[in-house]
Amino acid sequence: MSKKVFLETVGCQMNVLDSELVAATLRKAGYQLVADPKQADVILFNTCSVRQHAEDKIYSALGQLRRHKQRHPHKIIGVLGCMAQKDQELIRQRAPHVDIICGPGQLGKLLYLLEEVERTRQPQLAVSLGRADAHRPEVERSFESYDPLREPELRTNRFQAYVRTQFGCDKFCTYCIVPSVRGPEQSRHPDEIVAEVRFLADQGCKEVTLVGQTVNSYHYRFGDGRMVRLSDLLYRLHDIPGIRRIKFITNFPRDMTDDLLQAVRDLPKVCRYLHVPAQSGCDIILRRMKRMYTVAFYRDMLARCRETIPGVAISSDFIVGFCGETEESFQRTCDLVAHAGFKNSYIFKYSPRPGTKAFELYPDDVPEEVKRRRNNDLLAIQAKVSLADHRRFIGETVEILVEGPSKWAYKLSNQTGHDARQPSDWLQLTGRTSTDHIVVFDGPKNLIGEFVQVFIEDASPYTLFGRLSSPVLADNGEKTKQGMLLEPITLLGSRGHENSAEQPNPAYEDRESSFSNGSRSLYQRRLSLPIVQDQA
Ligand code: 5AD
Ligand code: SF4
């Protein structure tokens, strides 16, 4: 009988990708993925260290497993990813029942570690070198590349995939733990990336999102001095048949070069959407954060993006309550958000991270309630801006890639027991425009994974609401117009929509991050991989 594994993922898109790859490796080795940790022989957490809250959640989950492990000593518990690299042996001090500690640069060893625990019943630790432990090439080598073959069943959608362009980060923003736990920035060989995207396209993938901590600083230098930049890579990926959309996240403001903006402008498959975190609207704070740009530079960069790429949508990240942030500094951030026209912003309360420069140099001097208030104030400003941005679409027809049932439809089907199994069943669906705007509309389930035209009728700060305006496929494969052959099943109240969008709730204090938009939030969501019920 195959061994069962439970894998829970916290954190950014890089972790989502790592978990997909870990799951694929384990499945190939005969493991079956299960949804309930209590049923599993192996319980794994792929972890995040960006904010304290993400770590607390994992330590609490580990605490809850202590008794379970006592009753089932042969079960293996593993901590993977950033927390493993950051805390190392400390994890075993706090949770002695953990068997495996495996950093993000060591995931290729996971199978071996599992075998070793089974063979020796001894805890196993695999972590990379610290940035100061050795010369750079040695540290780089200790963060091993991990990009095994992809399995479409392990993604939320087989038609969308993340693709890694580089590991690590060299920016060393003073608040950020990533350069320590993910190591030096190393760009992947472009041929490898192109081959992976071709492979994904052959598997039916239509949209790829290139991911890197600072994706736009991607550069691969060949031995003869030739260099491949992100813009060059986009040109190569653009030629791959089957791929209809290419996105890339996350961008560093200073590396937003003209060649990249021109590539986005000139390549129709490249989405006109740029996520370029500003972090603060105050020069004093930006300097303390060591972001290496001023607010004026950032504003010029935005203007350049908009001039070069008509219709581009831009989103940002902000940290509120960073050390030394006065009311005046915060007001400057509010001013930037009020006038920059971001599609949405991800807003975080500063969380001091041991091991960072800010932790060493500056006291965490903004009280929690002030952080919370600033967080809510900034969210409210961004919500107004987002609403104005969304309302522009009313009366327009947009093309979207249908991603699946909306959250509201999921909830409803759980409550009513309605199971939209028939491909022609209508339900509330959600998808995104190429500018990353979320669109909710009613349609048949067999549109999931298709590109459709939707006429936008209404908007909230987070969501566009519309109706199908393109012909849709009937059950028998015939093309039909909405409402002619396929009657919508009444799943929705007239304006159930407001509840359907994946809205953040600023009042929900327990979130460690707040989103001014976005179901597929980039950060700090807690998710389990789609559970693949093996037939075997
Ligand atoms: N505290 C709060 N937010 C942080 N981020 C990174 N480090 C911290 C921290 N110590 C945020 C930044 C970054 C996003 C991934 O997380 O806004 O862009
Ligand atoms: Fe962290 Fe700054 Fe690197 Fe982003 S660019 S991962 S915020 S150090």
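The values are calculated or read from the model by the stated rules, or taken from the named source; none is laboratory data. Just so it is clear, the structure is predicted and the values come from calculations on it, not from any experiment. Here Cβ is always computed from backbone atoms with ideal geometry, including for glycine, and neighbour counts include all displayed protein chains.
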### Query
Are any residues in segment 319-328 surrounded by fewer than 21 Cβ atoms within 10 Å (Cβ to Cβ) and either among the small types (Gly, Ala, Ser) or without any contact (Cβ under 8 Å) to a residue 40 or more places away in the chain (or both), and if so, which ones?
324, 326, 327
## Note on the structure
Among residues of segment 20-68 being within 16 Å of ligand 1 (Cβ to nearest atom), out of contact with any helix residue (DSSP H, G or I) (no Cβ under 6 Å at 6 or more places or on another chain) and in contact (Cβ under 8 Å) with a residue 24 or more places away in the chain, the residue farthest from residue 346 (Cα to Cα) is 57
### Task
Within segment 160-175, work out how many residues are more than 16 Å from ligand 1 (Cβ to nearest atom) and polar (S, T, N, Q).
2
### Task
Determine whether segment 237-250 contains at least one residue that is away from ligand 2 (no atom under 11 Å from the Cβ), of a type outside the set (Lys, Arg) and in a helix (DSSP H, G or I).
yes
### Message
Within segment 156-163, does at least one residue satisfy the condition of being free of Cβ contacts under 8 Å to residues at least 40 places away in the same chain and of a type in the set (D, E, K, R)?
### Response
no
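For every residue, the table says whether it meets (1) closer than 30 Å to residue 356 by Cα; (2) more than 16 Å from ligand 1 (Cβ to nearest atom).
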residue	(1), (2)
131	yes, yes
147	yes, yes
150	no, yes
177	yes, no
180	yes, no
211	yes, no
231	no, yes
### Message
What pairs come out if I take residues in segment 104-119 that are buried (at least 17 other Cβ atoms within 10 Å of the Cβ) and pair them with residues that are in a helix (DSSP H, G or I) and small (Gly, Ala, Ser) whose C-beta lies under 9 Å away, six or more apart or interchain?
### Response
104/84; 105/142; 106/84; 106/142
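Considering only helices (runs of 4 or more DSSP H) fully contained in segment 111-228, which possess at least 3 residues that are more than 16 Å from ligand 2 (Cβ to nearest atom)?
Of the helices (runs of 4 or more DSSP H) lying wholly inside segment 111-228, those with at least 3 residues that are more than 16 Å from ligand 2 (Cβ to nearest atom) span 136-142, 190-202.
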### Message
It is to be established whether one or more residues within segment 56-76 are surrounded by 14 or more Cβ atoms within 10 Å (Cβ to Cβ), within 16 Å of ligand 2 (Cβ to nearest atom) and at pLDDT 95 or above.
### Response
no
### Task
For residues that are more than 16 Å from ligand 1 (Cβ to nearest atom), in contact with a strand residue (DSSP E or B) (Cβ under 7 Å, 6 or more places away or on another chain) and not hydrophobic (A, V, I, L, M, F, W, C), scanning just segment 264-283, find the one that is farthest from residue 323 (Cα to Cα).
269
### Check on residue 316, in contact with a Leu (Cβ under 9 Å, 6 or more places away or on another chain), in contact (Cβ under 8 Å) with a residue 40 or more places away in the chain and among the small types (Gly, Ala, Ser)
yes
#### Entry: Subset of segment 434-449 that is buried (at least 21 other Cβ atoms within 10 Å of the Cβ) and β-branched (Val, Ile, Thr) - its residue that is farthest from residue 389 (Cα to Cα)
440
### Message
One residue is enough: does segment 284-293 have a residue meeting the conditions on the phi < 0 side of the Ramachandran plot, touching a strand residue (DSSP E or B) at 6+ places or on another chain (Cβ under 7 Å) and either touching a residue at least 24 places away in the same chain (Cβ under 8 Å) or within 12 Å of ligand 1 (Cβ to nearest atom) (or both)?
### Response
yes
### Task
Could you check, for segment 331-342, whether at least one of its residues is charged (D, E, K, R) and touching a strand residue (DSSP E or B) at 6+ places or on another chain (Cβ under 9 Å)?
no
### Message
Looking at segment 203-224 only, could you name the residues that are at pLDDT 95 or above and among the acidic types (Asp, Glu)?
### Response
207
